[in-house]
Every structure is written in C-alpha cells, then in structure tokens.
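The values are calculated or read from the model by the stated rules, or taken from the named source; none is laboratory data. Keep in mind the model is a prediction, meaning the values are calculated, not measured. Neighbour counts run over all protein chains shown; Cβ positions are idealised from the backbone, glycine included. To get the accessible areas, we keep the full protein, side chains included, count just its heavy atoms, and leave off ligands, DNA and RNA. Shrake-Rupley method; radii C 1.70, N 1.55, O 1.52, S 1.80 Å.
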Amino acid sequence: MKKYKYIISIALSLLVVSSASAQRVSNDNEDGVYKLDRMSGWGFVPGEVLVKFKDGSPVQVRRARGQYQSVDQNAVNAVLQEFGTTDMEQLLPKQNRKRAMRRAKAYNGETIVEKDLSQLYSVRISSQRPDSVRLLTDRLKALPEVEYAEPNYKAYIMGEPGEGDVICEDPGQNPLYSQQWGPAFCGVDKLWSKPIVNAKRPVIAILDTGVDITHPDLAENIWQNTAEAEGETGYDDDNDGFVDDVHGWDFVNNSPKMADYNSHGTHVAGIAAAVDNGIGIVGANPKALIMPITVMQSDGSGDIRTIIKGIEYAVDHGAAVINMSLGTSAYSQAMREALEYAYQTTIIVAAAGNNGRTIYPEDNGEIIYPAAHSFVLGVMAT
C-alpha cells in the first residue's frame, strides 16, 4: 500500500508543472480568469482573526444577549467585547479532543504529530482597519488561555494554463496529449503500463476554485458520496453536517452545487485524473476519483479559514491525496496544524507556483506555504 501511494504521489507531482489545459472544452468555464498578478498583494482578510485556545483550557465560547463570551473567562470576554466581536465560529467542531494524537514521519525524517483543533476559532470584528486586526491578534496572544492567534491570511491559486512544449507523440486518441510535457518529463507515462497494486481507486481531493463536474474529460471520474446520492434530497443522509453533498462541497458559497467559474480547479483536476477516453488530455492517474472542494474565490483568491474547512472535509470523506495548487507567503500555524492532522492519513501535494517562489528557505527567495512544509510534497516549476 505504501508503494502504491508513493507511485500516486510521484504521478501527482505534475499538477502544477504540466501545461495541458483540461478546460479547453469546458461547459461552464468560458469566463475563466487567472488574476495571478494579485500575488503581489499578500495580506489578510479585514476584520478576521484565527485564535486557538490551549488544550484543556476552560474556554467555552457562546453567544449570550447578543455578545460572544466564554463561561467564567473574564479576560477573554473583555477582549472580545472591547473589539466589538460580531461573529465567532468554532472551525472544526467535530474534532474529538480525547482521541490519541497520531504521528507520522515526514519526507525528511521529521516526526509530525497531529494537534487537537477543537479549540480553534475564527473571530470577526466590526472594524475593517488593518491595525485593528494586528492589535486584536496581539491582545489575544497575551492571554494565558490562548496558544496562538493570527490574522486570517489570504492565499492565491498557483500556476496558469499555457501552451507548453511538445515532448512526445499522442498516445491512443487523446488529441491534446502532445501539449502535455509533464507526463513524459516525469516518467509518469511509463507507470500506466505497470500492474495495479491496489484495485481500490484512490480519491484525490482538489482544493481549488471548484471543478466543472460535467466536463467530458472529467465526468466519469468525479467522486460520489454514495449515502447522499442514494438518499433523500434536502437531508443530511450521512450525518456529516453537509446536506446533499453528492460530489463534494463549496465552502465559499456554503453549497453542494459544484461549478468552477475560474477554470483553475478544472485545469488541475484534469492534470491529476482526466479520463483516458480519447477526448482532450489524459490525467496523471486516469483511474483516480476527483473530489471537488471549493475553497478559492472565482478571482483566484482565498483565505486560511476557508481552506482549513476544506482540508477537514477531504480527510473526513476518505481522500487518499489532497492537492492544493494554491499558496501564501504568510506562515499560518492554523493551516499547518490542519495539514498535520490530514497528513496522518493522506498524501498532501502543494504548489510553489510558476513565478519564482520557492519551497527552500536556503534559496533566499519568497517562501510559499503550504508547499514548503517538510511533510508536504511541494512542487516547483522547472
């Protein structure tokens, strides 16, 4: 099984360096945009902070008389009220704080231990001024009940479909294969003729701008939540907290409707697992299933708070691989811990982008996370 996962991970290293464009015959991506110039605008969401209270702390936040407060924690309450907290959400309420925390080895030998994330909250305040976020972050950090606090950093999609180089001839009848330099360059095409080690089809969670699930190169490989597909419309048939999530979840619009109004997510999904059907391209693993999880806006931007929710969904619904062709130059402890939780059961692939960013601190360039984490398969363009 480990060998099989390793093969999958090598295949998925194509996700941001291949130039094939699966959206060329897309049904809903005619207005796709790639606002990668916004990469220069790193920052955070106005009026939002992420805070994690210490394990075992008595902080229990609730809303009472229109205000958010914690039971018998006057210092916490004072800060929340001082900054005019308008909303406070426990990001991962299904986390079991009493479970044994697992550990796994990273690629460099580092031991990655998962953390209890049940006390991770997002805080929203009325002020939209940047200095209000910084001040609230500092005030929360100073509280003895708080483990860490940070702004809700922004993230952006990585890479952009292009014409690329022709490296090898078309295999079979897939007409756009000659535009995919990645498979031959990385040797993935040689894996297609190897015996399948595990007959179970791996599920690849695509955390991105969404996926066009009707795309002719993807439709056959879209993951399906059987309980919801066979259940009753309008009900949470599998009791996972999401109603009618037949093919994934859109965390941007809080909806089970899957679409892609940017086309980046569809592009990435095609590179990962486009069907070998004689149409368009062929994916690195055409036998894999695609789990669409929308965490990025149609303009290619997103935030850590939304991405964390997408990570938990992917893990809880059995993804073998989580692909994140997105990133930020800001180090987020909250996202790292969410990924440490995911790493116990999944392979994580992330992009450094095609713009000179790096996953190696010694390169003295702008570091991109989560690709730079030791337990993430970080991919840089060549």
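Taking a 1.4 Å probe, which of 331, 121, 369 shows the most accessible area, and what order do the others take after it?
331, 369, 121
7 Å from Cα along Cα→Cβ at both residue 54 and residue 196: what's the point-to-point distance in nm?
Label at residue 54, label at residue 196, 5.2 nm between them.
Quick one: what are the phi-derived ³J(HN,Hα) couplings along the range 127-142, Karplus 6.51/-1.76/1.60 with θ = phi - 60°, whole Hz, x for glycine and proline?
6, 9, 6, x, 5, 5, 5, 4, 5, 4, 4, 5, 5, 5, 4, 6
Mind grabbing the accessible area of residue 122 for me, 1.4 Å probe, Å², rounded to tens?
It works out to around 10 Å².
Using the structure shown, select from 52/154; 190/287; 105/154; 98/257; 54/94; 200/257 the pairs with a Cα to Cα distance greater than 25 angstrom.
Among 52/154; 190/287; 105/154; 98/257; 54/94; 200/257, the Cα-Cα distance tops 25 Å for 105/154; 98/257; 200/257.
Cα gyration tensor of the range 256-382, axes a ≥ b ≥ c as square roots of the eigenvalues: rounded (a/c below 1.5), prolate (a/b > b/c) or oblate?
Details: a/c = 1.56, a/b = 1.31, b/c = 1.19.
Taking the square roots of the gyration eigenvalues as a ≥ b ≥ c, the range 256-382 is prolate.
Tell me, what ³J(HN,Hα) does each residue in the range 240-252 have, in order and in whole Hz, if you take phi through Karplus 6.51 cos²θ - 1.76 cosθ + 1.60 with θ = phi - 60° and put x for Gly and Pro?
Rounded to whole hertz, the list is 9, x, 10, 8, 6, 7, 5, 10, x, 8, 9, 7, 6.
Amide H of residue 154: which non-local residues (sequence gap of 5 or more, or other chain) have their own amide H closer than 5 Å, using H built in the peptide plane?
Amide H neighbours of residue 154: 43, 44, 45.
Please report, in debye to the nearest 20, how large the charge dipole of the range 108-147 is about its Cα centre when each Lys and Arg carries +1 at its beta carbon and each Asp and Glu carries -1 there.
340 debye
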